[in-house]
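What follows is one structure encoded as structure tokens, with my remarks underneath.
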Amino acid sequence: MSTAGKVIKCKAAVCLEVKKPLSIVEIEVAPPKAHEVRIKILATGICRSDDHVISGSFHSPLPCILGHEAAGVVESVGEGVTSVKPGDKVIPLFVPQCGECSTCLNPKANLCTKNQLMDCNGMMRDGTSRFTYKGKPLYNFANTSTFTEYTVVTEDAVAKIDAAAPPEKVCLIGCGFSTGYGAALKTAQVEPGSTCAVFGLGGVGLSVVMGCKAAGASRIIGVDINKDKFAKAKELGVTDCVNPKDFDKPIHDVITEMTKGGVDYSFEVIGRTDTMTAALAACQMNYGTSVIVGMAPSLSEIKFHPMLLFTGRTWKGSIFGGWKSKEAVPKLVSDFMTKKITLDPLITHTLPFDKINEGFELLRSGKSIRTVLLF
Ligand code: CND
Ligand code: ZN
Ligand code: ZN
């Protein structure tokens, strides 16, 4: 029996309040309106950004449905949708690509102005929600909301992918892998023979490592306070692992000494302001580039000495790895299918969707890289 045009009742993990486990409850998902797509989620990964909302560090309106790294299949489409149809395998995009705004029209840029990451109003573009819980609307998160059996996104926030792609793997192309890999290849544009330092060796940081390696970096220094992250980091291309806890001087001084003047490219992939400035200071004072990938707390500010930039360093940020999402995601999936890229080392745990809170505990305790939840 077709569900198109009807309200779907389904299971979702709802964030009712901060610092509490997600509640697995039954919600209602309205049909997609014009230029919207309703997706049945098949697999979703847990990213630290979702946890930043649960911990209260990143502000997004509650109650909401988190999740932004998934793969699924189109259940139905609203009026005017032409790029996907029911039955298509897809990846929802937390950075849309409308194709019309100033950023979409600029070949160097990727953060479509229709993204919801800055204002975070948690609503569809018409100002309403497609999710209802106990008769009240629920907010969405980052255009996507994937911790639910069904979600609704705008057409510019969904990419059609190879029908044969395994959802339990390629869901990582929806965030972690692409974010890190692109930060190295697209945002920093790491060159062969360069030296890099990656601060934070979680799912996103290890993907930066893979990007640096693919670009031909000759030395990749991995920085983490959890030494259990080092074995996998080395497997993926890190040449030197450093734990700031092992030194009684600032980690940027350690890296500057190790590289006789600082790395060509550094990446902050943790989400802390102190490590953002440390990563900046760890790159070469004149031609070094430092990229902020980690998501800092909503209310944080950075204080740093202007001399760090005055000497010539470049400080950049990178959202979704600088990729133009709708066109890049299908290509990244093809690269996975042809084994040009690998995702398997990032997936340490697979759990049924009902165990989502266990998945978050694994992330918080530093035991997992990525947990993929299956529906
Ligand atoms: P995850 O928590 O898996 O990795 C962070 C790593 O940093 C862990 O291995 C920690 O042990 C390590 N760490 C923590 N504190 C320190 C410290 N003081 N010094 C050194 N290492 C430390 O997180 P993730 O890989 O899922 O995400 C990393 C960040 O990227 C996080 O802030 C997330 O919100 C952000 C992000 C950004 C984007 C984007 O588009 N820019 C997309 N998704 C996630
Ligand atoms: Zn993410
Ligand atoms: Zn746009």
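The values are calculated or read from the model by the stated rules, or taken from the named source; none is laboratory data. Just so we're clear, the structure is a prediction, and the values are computed from it rather than from any experiment. Cβ atoms come from the backbone with ideal geometry, glycine included; neighbour counts cover every protein chain shown. These area figures cover heavy atoms from the full protein model, side chains too; ligands, DNA and RNA do not enter into them. Shrake-Rupley method; radii C 1.70, N 1.55, O 1.52, S 1.80 Å.
Per the Debye calculation on the chain with a single equal scatterer at every Cα and no solvent contribution, log₁₀ I(q)/I(0) for q = 0.08, 0.14 Å⁻¹ amounts to -0.38, -1.14.
Restricting attention to the stretch 23-132, which trypsin sites (Lys or Arg not before Pro) occupy a DSSP loop and are surrounded by at most 14 other Cβ atoms within 10 Å? Answer in residue order: Lys108. On the beta carbon distance between Thr82 and Asp248, with R0 = 51 Å, the FRET formula returns roughly 0.25. In the chain, the DSSP beta bridges split such that about 55 percent are antiparallel, to the nearest 5.
By accessible area, using a 1.4 Å probe on protein heavy atoms only, the chain has 55% of its surface on carbon and sulfur. As an exercise, use a Förster radius of 22 Å and the Cβ-Cβ distance of Ala4 and Glu26 to find the FRET efficiency, rounded to the nearest 0.05. For R0 = 22 Å, the calculated efficiency reads 0.60.
When +1 charges are put on Lys and Arg Cβ atoms and -1 charges on Asp and Glu Cβ atoms, the dipole computed for the chain relative to its Cα centre reaches about 220 debye.
With the simple model of a label 7 Å out from the Cα in the direction of the Cβ, Asp274 to Asp228 spans 2.2 nm.
Based on the alpha-carbon gyration tensor of the stretch 291-332 and its eigenvalue square roots a ≥ b ≥ c, which shape applies: rounded if a/c is under 1.5, prolate if not and a/b is larger than b/c, or oblate?
In terms of gyration-tensor shape, oblate.
When the Cα gyration tensor is reduced to axis lengths a ≥ b ≥ c, the ratio a/c stays below 1.5 for the stretch 176-311, which is therefore classed as rounded. Spin-label model, Glu17/Met123: points 7 Å from Cα along the beta carbon direction are separated by 2.5 nm. Over the stretch 309-375, accessible surface divided per residue gives 47 Å², non-protein components excluded, 1.4 Å probe. Is the stretch 1-83 best put as rounded, prolate or oblate by its Cα gyration tensor, with a ≥ b ≥ c the root eigenvalues, rounded for a/c under 1.5, and otherwise prolate when a/b is larger than b/c, oblate when not? Prolate, because a/c is 1.5 or more and a/b exceeds b/c.
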